[in-house]
Ligand SMILES: Cc1cc2nc3c(=O)[nH]c(=O)nc-3n(C[C@H](O)[C@H](O)[C@H](O)COP(=O)(O)OP(=O)(O)OC[C@H]3O[C@@H](n4cnc5c(N)ncnc54)[C@H](O)[C@@H]3O)c2cc1C
């Protein structure tokens, strides 16, 4: 394998091209070449990095391309975070110019504050060392670097320019190694290593279309950074935020959202409770958050939509919003998948279980 020559990939839109080493994914090679293609989960699960193969063939030696339907694969779509070229390629995919010039760095940050926002969400305030200030765009995320090459992704919940600190909203995952450590042990003063800024869930400026923001749980974190960015910019685009959580107690920055509405006539806010009890149902919208959006706006042709949160919410939103007329290239999302090493283990376990079932 190591003796094979690299393949070349050309981007159909800009004509830019880059080499992909044997066994390397198209996305990894593009990032190495300093090109900014969209991505989020890096595990083949969320579909952010979907592109169309204009020419050439790819293979999937790592995770299977879970986010591609059989019809999409048949139509020549590929998931570039997992696709390894089997020939030279020409690929059609939108580039995210805004993030291209921002260096991705590894640096040490100190935990300077830790605040419980609700029963299972904690806010971490991280400060880079002196002279180490980070450049990022609102909506981007960082990876916390752990032993054995593991990493865990968290969105930056504040906008750049809001002091030198980085805010994270971390939800405790049951059985989750890192998030349980954050809740139970991580103390102020501890130094963590991060890689940042990452991701392409950033504001697409230009245009005056109204914006729908759809957050699920701690998916509120990057949405908060985007809203604060547009408010500071004095954007004149109407924004409607939908925040889906299970119960009212999970709306961990509800007061902030209500303040935005009071202070800015262009912002609307609709909390939606997916597991509302009868009393909650009396005061709040209930059900899946994407259904609330579609009930209010059955046709989405005139919107830009920004969505972040758990994978099932993203999947449901992706399919139903496009079916409701939203052009796919005006839907921007970050899917809060587990880390690639964990997803790979879960996929292996599922395949083993399937094989066992077939055998019996
Ligand atoms: C772009 C992006 C941005 C994100 N932003 C945020 C954010 O702002 N806030 C936030 O709260 N979350 C965010 N997430 C999600 C966050 O990264 C995960 O919740 C986090 O990685 C969980 O880490 P953990 O170590 O606690 O859990 P993990 O140890 O990764 O475990 C996750 C789950 O898998 C199970 N598991 C682990 N290993 C195995 C195995 N080998 N076999 C079977 N089961 C296993 C665990 O029991 C647990 O239930 C984001 C994710 C992405 C991709």
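Worth a mention:
- With R₀ set to 35 Å, the beta-carbon distance separating residue 12 from residue 344 gives a calculated FRET efficiency near 0.70.
- For the range 3-68: Kirkwood Rh in Å [reciprocal of mean 1/r, alpha carbons]: 12.7 Å
- Crossing angle, helix 340-359 versus the chain [Cα axis fit, 0-90 degrees, rounded to tens]: 70 degrees
- The range 123-165 - convex hull of alpha carbons, volume per residue in Å³: 92 Å³
- DSSP beta bridges in the chain [antiparallel fraction, %, rounded to 5]: 60 percent
- Added length on full extension, which subtracts the Cα-Cα distance from 0.36 nm per residue, residue 94 to residue 301: 72.6 nm
- The calculated FRET efficiency for residue 280 paired with residue 24, based on their beta-carbon distance and R0 = 56 Å, is about 0.70.
- Extended-chain gain in nm, criterion 0.36 nm per residue less alpha-carbon gap, residue 133 and residue 4: 42.3 nm
- For the range 211-335, the alpha-carbon coordinates run over 37, 33, 23 Å along the three principal axes, in decreasing order.
- Per-selection Rg to Rh, the range 102-198 - Cα, Kirkwood hydrodynamic radius: 0.93
- The length gained on full extension between residue 172 and residue 360, counted as 0.36 nm times the residue separation minus their Cα-Cα distance, comes to 64.0 nm.
- Of the peptides 254-264, 85-95, 133-143, 20-30, the order by per-residue mean of other Cβ atoms within 10 Å, starting with the highest, comes out as 133-143, 20-30, 85-95, 254-264.
- Working note: 222 nm ellipticity from helices only, DSSP H runs with n ≥ 4, each -39,500 (n - 2.57), summed and divided by the residues of the chain, gives -7500 deg cm²/dmol to the nearest 500.
- For the pair residue 60 and residue 352, a Förster radius of 25 Å applied to the C-beta separation gives a FRET efficiency near 0.85, rounded to the nearest 0.05.
- Alpha-carbon Debye profile of the range 35-135, log10 I(q)/I(0) at 0.14, 0.22, 0.25 Å⁻¹: -0.73, -1.08, -1.27
- Gyration tensor verdict on the range 290-360 (Cα atoms; rounded if a/c is under 1.5, prolate if a/b is larger than b/c, oblate otherwise): prolate
- Degrees separating the helix 311-323 axis from the principal Cα axis of the chain, which is the longest one: 80 degrees
- Rounded to the nearest 10 degrees, the angle from helix 254-263 to the longest Cα principal axis of the chain is 80 degrees.
- Distance (nanometres) between label positions extended 7 Å along Cα→Cβ at residue 231 and residue 86: 5.2 nm
- Size descriptor, Kirkwood hydrodynamic radius, that averages inverse alpha-carbon separations across the chain, Å: 21.5 Å
FYI, it's all coordinate maths here, none of it is from the lab. Since this is a predicted model, take the numbers as computed values, not measurements. Note that each Cβ is placed from the backbone with ideal geometry, even for glycine, and that neighbours are counted across all protein chains shown.
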